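The values are calculated or read from the model by the stated rules, or taken from the named source; none is laboratory data. All of these numbers come straight from a predicted model, not from anything done at the bench. Here Cβ is always computed from backbone atoms with ideal geometry, including for glycine, and neighbour counts include all displayed protein chains.
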Amino acid sequence: MSTVTKAADLLTGARRTRSLLDTLPPSARPADKAEATAIQNEVARRIGPVTAWKVGAPGPDAEPSCAPINAATVFFEVSRLPAETFHVIGIEAEVVYRFGRDLPARDKPYSREEILDAVASVHPGFEICDTRFAQYGSQDALSHLADQANHGALIVGPAVADWRSLDPVKEPLTLDIDGERRIDVVGGNSAGDPVRLLQWLADVAAKPFGGLHAGDTVTTGSCTGTIFVKPGSHSVATFRNLGSIQLTVG
């Protein structure tokens, strides 16, 4: 049995039984980024249709990484999710793009304008970070990448009307949790320009799924860092030009 199959069996089983893994055994631990990506792709295929992606990078010139997101963990304009859905609740405020037409897998790289022309709307969003391991952050980076890059849920807020005028790198935003201001920042995304992340996703990472598709939703990395909250906590992210999003997990 291959490393990819062994790891996918364990991670899929952890999801289905809601039993947490202490670690991946050495025979199921990814040796490199390509193997970690193959594991997350295999898990995604097993658990349902892929209708969204998360993508980010540690710096504006760094190679991105990503994870496919299944329809079951994408929520549009909801204000509450049950806390028992999650092992841990790590809140991140993010800029979310939704595509209005297909960007099929191809050899020729997509231009910036081709990417933007395919975008239907831009939204404020929350990603909830979670884990299938007993302790968040306890594993090597490749194991966490294989585990859907710590994805728990994606919550997509209302669309902004004039998204073409939006500059996410210069967009001020705040994050309040239970009435306390936790983040006040401009931009905040370590990856810099999110459009380059969308280009990379279309050119590279989405190819095993046939490219990006009309209706696909892509969240482009945290603008606030990850803030762990308790069940019942109420979070409000307010972007100056992108609007606001609220969520209670409890």
Residue check for residue 50: touching a residue at least 24 places away in the same chain (Cβ under 8 Å), within 17 Å of residue 222 (Cα to Cα), in contact with a helix residue (DSSP H, G or I) (Cβ under 6 Å, 6 or more places away or on another chain) and not small (Gly, Ala, Ser): no
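Conditions (1) within 12 Å of residue 145 (Cα to Cα); (2) in contact (Cβ under 8 Å) with a residue 60 or more places away in the chain, marked per residue:
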| site | (1), (2) |
| --- | --- |
| 2 | no, no |
| 8 | no, no |
| 12 | no, no |
| 22 | no, yes |
| 31 | yes, yes |
| 38 | yes, no |
| 41 | yes, yes |
Quick check on my filter: what residues within region 147-205 are surrounded by fewer than 22 Cβ atoms within 10 Å (Cβ to Cβ), in contact with a helix residue (DSSP H, G or I) (Cβ under 9 Å, 6 or more places away or on another chain) and acidic (Asp, Glu)? 193
Condition check for residue 107: among the charged types (D, E, K, R) and either touching a residue at least 24 places away in the same chain (Cβ under 8 Å) or part of a loop (DSSP other than H, G, I, E, B) (or both): yes
Scan region 44-92 for residues that are within 24 Å of residue 178 (Cβ to Cβ) and among the charged types (D, E, K, R) and report the count. 4
Answer yes or no: is there a residue in region 219-238 that is over 23 Å from residue 81 (Cβ atoms), within 16 Å of the chain's Cα centre (by Cα), modelled with pLDDT of 95 or more and not acidic (Asp, Glu). no
Output for Cβ contacts, cut-off 9 Å, separation at least six or different chains, first residue over 18 Å from residue 224 (Cβ atoms) and without any contact (Cβ under 8 Å) to a residue 60 or more places away in the chain in region 79-93, second surrounded by fewer than 20 Cβ atoms within 10 Å (Cβ to Cβ) and among the acidic types (Asp, Glu), reads none
Tell me the residue from 91, 39, 128 that is farther than 29 Å from residue 240 by Cβ and surrounded by 23 or more Cβ atoms within 10 Å (Cβ to Cβ), please. 39
